1. When the residues of segment 302-320 are filtered to those that are surrounded by fewer than 24 Cβ atoms within 10 Å (Cβ to Cβ) and under 22 Å from Thr206 (Cβ atoms), which remaining residue is farthest from the chain's Cα centre (by Cα)?
2. Within segment 175-182, does at least one residue satisfy the condition of being at pLDDT 95 or above and either of a type in the set (Phe, Trp, Tyr) or open to solvent by less than 10 Å² (accessible area, probe 1.4 Å) (or both)?
3. Being closer than 21 Å to Lys191 by Cα, outside any loop (DSSP other than H, G, I, E, B) and open to solvent by 20 Å² or more (accessible area, probe 1.4 Å) is the filter here, so list the residues in segment 75-117 that pass it.
4. Considering every residue within segment 237-260, establish whether at least one is in a loop (DSSP other than H, G, I, E, B), open to solvent by 60 Å² or more (accessible area, probe 1.4 Å) and modelled with pLDDT under 95.
5. Output yes when any residue across segment 180-191 is under 16 Å from Phe254 (Cβ atoms) and touching a helix residue (DSSP H, G or I) at 6+ places or on another chain (Cβ under 6 Å), and no when none is.
6. Identify, by number, the condition in (1) in contact with a strand residue (DSSP E or B) (Cβ under 8 Å, 6 or more places away or on another chain); (2) touching a residue at least 24 places away in the same chain (Cβ under 8 Å); (3) farther than 14 Å from Ala112 by Cβ; (4) open to solvent by 10 Å² or more (accessible area, probe 1.4 Å) that Asn189 doesn't meet.
7. Looking only at helices (runs of 4 or more DSSP H) that lie completely in segment 158-230, which have at least 2 residues being under 27 Å from Glu147 (Cβ atoms)?
8. Look at Val152 and say whether it is open to solvent by less than 60 Å² (accessible area, probe 1.4 Å) and within 18 Å of Gly179 (Cβ to Cβ).
Amino acid sequence: MNQTQCRRRPSSRRKRRCKSKQIWMMILITIVLLIEQHSGGKLISLIGTEKDGNIGAKQLWEDSSSSDIKVDLNRLYSRNAILVDAESGDMVAERNGGEKIYPASMTKIMTAILAIENSGDLSERVIVPPEIFPPLQVEGASMAGFEPGEEVTPKDLLYGILLPSGAESCIAFAERIAGSEDKFVDLMNEKAKELGMHDTHFCNSTGLHNAKHYSTANDIAVLLQYALKNQDFREAFCSSRYSTNPSAQHPDGFTVYSTMFQEMESAAITGREILGGKTGYTKEGGLCLASLAQVNGREYILVTAKADGTHQTEPFHVLDAVNVYNQIGKEVEDIGN
């Protein structure tokens, strides 16, 4: 019954009935607002008038967080950041997450997962093509340490991609799987489309700068969540070091190290631990990092990009990760108390 109907029927009983409805409606609105304030959701539409003229409360929520945890991303060195629950993929916090970025070596997450999915046996022997080295050396690309013509395993190459960010490992996989890097890039873009990475376009397998090679922090988080479901990827991504198999060029093998863990004093923080990560850097993309951490038994993915700095400055991307995961830990402790 609306207010016009109340005026047309001025009996005391109906007046009391209309007044009662209005009181209950105000109580309902108050309850909804209290729920909104507590949950951190944004109430898009609270009051709606239905076709029959009755006033009804409509709850249409736009969730800004997957939980009660509140994390401040506004004081990071990185311009772009997104924090998600690793299991569900729900966003916990975001800052310019949909803005275009140059992903640099975070690109190698896609290269690595496609390498695994298209390789079969990771213990067979393959040859690192000699002809791939000169162009990479001209570009100044980072290398894992394999030699031209060296006989290695796909597992060696996988760890060479994810730990020291070796470009020769990427190209060796690309040519082995697709015949050329260009054709492998086609597979990368097809996979991105399949995963719903609609704001991403790859031009190479290494992350070397190209104006048409771009993504977003949001899309990289989607990619990493998908890749971590593969056990071979997860083991490599979460390793701090790896020793390659012996070869003619390296009779005792050699050890590669995670670029992220090398920048950290310790992966252990009170109540939490950074499990793994893939760093990236180009002049245009700044310092980037896609990482995984466990906080009080729950895993989180953080992707940050465009932090000022270089390989010679402080590791601002790693400092941002420590900052964010510490915030989560403190929030969890406060909620528990």
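1. First, the residues of segment 302-320 that are surrounded by fewer than 24 Cβ atoms within 10 Å (Cβ to Cβ): 306, 308-316, 319-320.
Pick out the ones that are also under 22 Å from Thr206 (Cβ atoms) and you get 306, 309-312, 315.
On the way: Lys306: 14, Gly309: 21, Thr310: 21, His311: 22, Gln312: 25, Pro315: 19 Å.
My answer is Gln312.
2. Taking segment 175-182 first, the residues at pLDDT 95 or above are 175-182.
Right, trim to either of a type in the set (Phe, Trp, Tyr) or open to solvent by less than 10 Å² (accessible area, probe 1.4 Å) (or both) and you get none.
Within segment 175-182, not a single residue is at pLDDT 95 or above and either of a type in the set (Phe, Trp, Tyr) or open to solvent by less than 10 Å² (accessible area, probe 1.4 Å) (or both).
3. Within segment 75-117, Glu117 is the sole residue that qualifies.
4. No, every residue in segment 237-260 fails to be in a loop (DSSP other than H, G, I, E, B), open to solvent by 60 Å² or more (accessible area, probe 1.4 Å) and modelled with pLDDT under 95.
5. Initially, segment 180-191 is screened for residues under 16 Å from Phe254 (Cβ atoms), giving none.
No, every residue in segment 180-191 fails to be under 16 Å from Phe254 (Cβ atoms) and touching a helix residue (DSSP H, G or I) at 6+ places or on another chain (Cβ under 6 Å).
6. If we test Asn189 against (1) in contact with a strand residue (DSSP E or B) (Cβ under 8 Å, 6 or more places away or on another chain); (2) touching a residue at least 24 places away in the same chain (Cβ under 8 Å); (3) farther than 14 Å from Ala112 by Cβ; (4) open to solvent by 10 Å² or more (accessible area, probe 1.4 Å), just (2) comes out false.
7. Numbers: elements: 167-178, 181-194, 217-227.
In segment 158-230, the matching helices (runs of 4 or more DSSP H) lie at 167-178, 181-194.
8. Numbers: open to solvent by less than 60 Å² (accessible area, probe 1.4 Å): yes; within 18 Å of Gly179 (Cβ to Cβ): no.
Taking the combined requirement at face value, the residue does not satisfy it.
The values are calculated or read from the model by the stated rules, or taken from the named source; none is laboratory data. This one's a predicted model, so the numbers in the text were calculated from it and none came from an experiment. All Cβ positions, even for glycine, are placed from backbone atoms using ideal geometry, and neighbour counts span all protein chains on display. For accessibility, only protein heavy atoms count, side chains too; no ligands or nucleic acids. Shrake-Rupley method; radii C 1.70, N 1.55, O 1.52, S 1.80 Å.
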